[in-house]
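For reference, the structure discussed in these notes is given below.
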Amino acid sequence: MSIVNTLGRLTAAKALPSTLSDGTPIVGAVIDRLGYQSALLIFSNEAASGSPSAAVASLIIEDGDAANLSDAATFATLESAKDIKTAGLAQYSIDLSKAKRYIRVTEDTTYTGGTTPANQLAADVVLFDKDVDTGPAVVYGR
């Protein structure tokens, strides 16, 4: 059995730090995806507080050429009405081969009813399928 060192061909980034969502859109950090053709987005949320009758989130990926994403446009809609009333974890595979250099995640929750409803949520991105040669893979053991 052999182990291949692929760390030069993937990287992780914090897309949305742990944030209390109160229904105001949350715009994530800008991520430079130069060379990476794919991503895995991991989205987690705690159960909604404030007893809403419904809590649904939209998740989009925006892309652009400007490092500050002043030219941001929607690249992909991952969810338009994800139920986040109860705690959960979701993973999304994203083909970035046609995305511009910079990306970010935007989350927007809509609550129905309740008293000051909110959710604690976070998202991480793992970029992979790097198309820039990082040299030969290092193989350990047999």
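The values are calculated or read from the model by the stated rules, or taken from the named source; none is laboratory data. Keep in mind that what you see is a predicted model, and the values were worked out from it rather than measured. Neighbour counts are summed over all protein chains in view; Cβ atoms, including those assigned to glycine, are modelled from backbone coordinates with ideal geometry.
Details
- Test: residue in the stretch 38-52 that is of a type in the set (A, V, I, L, M), touching a residue at least 24 places away in the same chain (Cβ under 8 Å), within 24 Å of Ala12 (Cα to Cα) and not in a strand (DSSP E or B): no
- Within the stretch 82-108, the residues that satisfy the criterion of being aliphatic (A, V, I, L, M) and surrounded by fewer than 16 Cβ atoms within 10 Å (Cβ to Cβ) are Ala87, Leu89.
- In the stretch 126-142, residue modelled with the lowest pLDDT [restricted to those that are more than 24 Å from Ala76 (Cβ to Cβ) and in a loop (DSSP other than H, G, I, E, B)]: Arg142
- Which listed residue, of Ala47, Ala66, Ala29, Ala81, is under 13 Å from the mean Cα position of the chain (by Cα) and at pLDDT 95 or above: Ala29
This table checks each residue for (1) touching a Gly at 6+ places or on another chain (Cβ under 9 Å); (2) crowded, with 19+ Cβ neighbours inside 10 Å.
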| site | (1), (2) |
| --- | --- |
| Pro25 | no, no |
| Ala39 | no, yes |
| Ala47 | yes, no |
| Ala73 | yes, no |
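- Gly8 meets all of the listed conditions (1) at pLDDT 95 or above; (2) outside any strand (DSSP E or B) but one, namely (1).
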